[in-house]
Every structure is written in structure tokens, then in C-alpha cells.
1. Quick one: Karplus J couplings for segment B:33-44, per residue in order, coefficients 6.51, -1.76, 1.60, θ = phi - 60°, nearest Hz, x for Gly and Pro?
2. Which whole number in µm²/s is D for segment A:82-127 by Stokes-Einstein, with the Kirkwood Rh taken over Cα pairs at 25 °C and 0.890 mPa s?
3. Any number yet on Rg/Rh for chain B, C-alpha, Kirkwood?
4. Once every Cα of segment B:84-132 carries one equal point scatterer and solvent is ignored, give the base-10 log of I(q)/I(0) from the Debye formula at q = 0.16, 0.20, 0.21, 0.25 Å⁻¹, two decimals.
5. Given the whole protein assembly as supplied and a 1.4 Å probe, what does the accessible area of A:I43 come to in Å², nearest 10?
6. What angle, in degrees between 0 and 90 and rounded to the nearest 10, separates the Cα long axis of helix B:57-68 from the longest principal axis of the Cα atoms of chain B?
7. Take the Cβ-Cβ distance between B:L119 and A:A39 as r, set R0 to 25 Å, and report the resulting FRET efficiency rounded to the nearest 0.05.
8. For an R0 of 22 angstrom, estimate the FRET efficiency from the Cβ-Cβ distance between A:A99 and A:W25 and round to the nearest 0.05.
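The values are calculated or read from the model by the stated rules, or taken from the named source; none is laboratory data. This is a predicted model, so every value here is computed, not measured. Counting neighbours? That spans all protein chains shown, and the Cβs are built from the backbone with ideal geometry, glycine included. Ligands, DNA and RNA are stripped out before the accessible areas are found, and what is left, the full protein with its side chains, is counted by its heavy atoms. Shrake-Rupley method; radii C 1.70, N 1.55, O 1.52, S 1.80 Å.
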Amino acid sequence: MRDFRTSTALARGLGAAGNGTRDFWHQRVTSVLGVLLIAGVLIVISTSVGADYDEVTNLLSNPLAVIVLLLALLNFCIHMRIGMQVVIEDYVHGPVTKALLLIANTGFSAVIGVAGAAAVLKIAFAG
Amino acid sequence: MAGTTSSSRPRPTAPHLQVYRPTLTMTMSIAHRLTGIAVYIGTIVFVWWLIAIAAGRDAYESFLDALGSIPGLIVLFGLTWAVLHHALGGIRHLIWDTGRAHTYPWREYLARANLIGSLALTAILWAVCYPR
Ligand code: HEM
């Protein structure tokens with residue numbers, strides 16, 4: 001089949017959305033790192049089961065727990081945004097609805113990441 | 001070229017999903033998407049947990065009461081399975097990305113390992129945690 005792309009477009013290799021394979025690659029990177037981070041998160045959550053308030057704040061003040069939680073929030077904030085973007089692009093075709101949902105998706109992922117990180121830092125540094 | 005001669009013949013359409021016989025690999029593909037969406041929404045519970053702890057004793061107690069209720073426990077159990085299933089499914093995707101296990105019988109083994117593994121890990125995690 002004939003390739004209708006211009007030679008400039010081929011050389012740039014950025015595709016229709018203008019980002020090339022960036023999202024594809026970020027999804028792979030956040031998946032590999034995610035395997036380790038989800039294990040860490042599940043260990044922290046499991047350890048907290050049955051803990052009273054002082055024990056749980058103590059647990060979440062452990063530097064290792066803080067690092068794992070912050071990295072996980074950053075990692076999954078990126079991963080969940082790309083993942084949901086693909087779902088939206090698969091099913092929603094109205095240009096305005098799609099744009100609004102994609103913006104909402106970015107906003108939701110950012111709020112989850114930042115709100116989670118703010119809480120982790122407050123627990124660790126302000127008790 | 002298509003479109004240059006006008007004809008009343010309808011454009012060809014792709015066969016729709018329900019004409020295919022359901023298979024395990026197909027179900028697992030759908031499950032990976034659905035669990036991804038479930039965990040996406042489930043991040044609210046995770047961040048609610050963190051904010052409750054940051055907000056103080058009373059907020060943490062209310063959080064524990066909510067999640068310790070029957071509906072709360074059901075949601076938590078479902079989320080545990082969803083995140084484990086999606087994580088193992090993600091590893092399956094990463095194996096495929098290296099060009100491996102696309103064909104019979106490995107694709108079937110991986111699909112079964114994904115399902116059995118996620119159920120087993122969920123059971124183990126709850127068996128270890130729930131008595132507390
Ligand atoms: C160890 C953890 C995880 C791994 C290894 C993983 C892996 C993956 C992979 C490889 C994909 C791409 C699937 C494809 O190309 O069709 C994906 C999609 C997705 N992931 Fe994850 N993921 C993990 C955790 C999470 C978490 C915690 C969330 C939500 C907060 C999440 C949300 C999603 C969503 C919404 C999709 C899109 C689903 C789809 O397109 O069918 N994932 N994941």
C-alpha cells in the first residue's frame with residue numbers, strides 16, 4: 001500500500017498526535033517500575049492493618065515507606081493517565097467530549113498524585 | 001480508488017465482538033482493561049487512606065469504620081484482586097513485548113497463570129492480614 005505520509009513527517013516520526021512513541025514507552029517504563037512499587041505499597045498497607053493511629057503514623061514516618069509511597073504515587077499518576085487516555089480514545093469519538101474527558105483524566109491523575117504526596121509528606125514531617 | 005465511483009453498495013464493516021466464540025485469552029484481555037479502570041478509580045480509596053492519616057486520629061478512625069463495614073470490606077477485597085490481576089496481566093504484556101509467548105500453548109499457560117496467580121495472591125494476602 002502506498003504511504004501517504006510526507007517525507008518530513010516520516011523523518012520526524014511523531015505521528016498524528018505529535019508525540020511519537022513517547023506514551024507507549026512511558027507506559028512500558030511505568031509498568032516495569034510499577035511491579036516493584038506495587039509490591040512495596042502492598043507491603044506498607046498490609047503492615048498497617050490492625051495498627052492504631054500512633055503505630056500507623058510511625059510506620060509512615062519510616063523513610064523507606066515514604067520513598068516507596070512517593071515513587072509509587074509519581075509512577076502510577078503517569079501510568080494511570082496514559083492507560084485511561086487509551087481507553088477514552090478507543091471509545092469516545094466526539095471531538096469535544098473526547099477533549100473534555102482527556103483533560104479530566106489528566107486533572108484526576110494529577111490530583112491523585114499531588115494529594116497523595118502532600119499527605120505522605122505531612123505525615124512524615126508534621127506528624 | 002474508493003469513493004471515486006458512487007455506488008449503492010454498503011461499505012464493508014468489521015465483524016462485531018459477539019460473532020466470536022469467547023476464549024480465555026479474550027476474557028483476560030477484557031479483564032486487564034476492566035481491572036485497570038477499577039484500580040484507576042480505586043486510587044481514591046488509597047489517597048483517602050493517606051489523607052485520613054494526615055488529617056488526624058478522628059479522620060483515621062472514620063476511615064477504618066467505613067472500610068471495616070461489610071460494603072467497605074467487599075470493595076477492599078475487590079480492589080485487592082483487581083490490582084493483583086492487573087499487575088500480573090501487566091507482566092504478561094511485558095513478556096509479549098519481548099516477542100515471546102504469543103502462540104499456543106504458552107499464551108494459554110500465561111492466561112491461566114494470570115488468573116490463578118491473582119486469586120492465589122489475593123487469598124494469601126487476606127489470610128495474612130484479615131485476622132489482625
Ligand atoms: C504493577 C503494576 C502495574 C503493571 C505492571 C501495569 C501494566 C500495564 C500495562 C502493560 C498496560 C498496557 C496494556 C496494553 O497495552 O493494552 C496497562 C494499562 C493500564 N493500566 Fe496498568 N499496570 C499496573 C498498575 C496499574 C495501576 C496501579 C493503575 C491505576 C492506578 C493502572 C491503570 C491502568 C489503566 C487504566 C490501563 C489502561 C487499560 C487498557 O488500555 O486496557 N495500572 N497497565
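1. Listing the rounded values in order: 5, 5, 5, x, 5, 4, 6, 4, 5, x, 4, 4 Hz.
2. In µm²/s, the coefficient rounds to 203.
3. Values: Rg = 21.8 Å, Rh = 18.2 Å.
That ratio equals 1.19.
4. -0.50, -0.66, -0.70, -0.87
5. Answer for A:I43: close to 110 Å² accessible.
6. Helix B:57-68 sits at roughly 50 degrees to that axis.
7. On the way: r = 18 Å, r/R0 = 0.71.
Between B:L119 and A:A39 the formula returns 0.90.
8. Numbers: r = 24 Å, r/R0 = 1.08.
Computed FRET efficiency for A:A99 and A:W25 comes out at 0.40.
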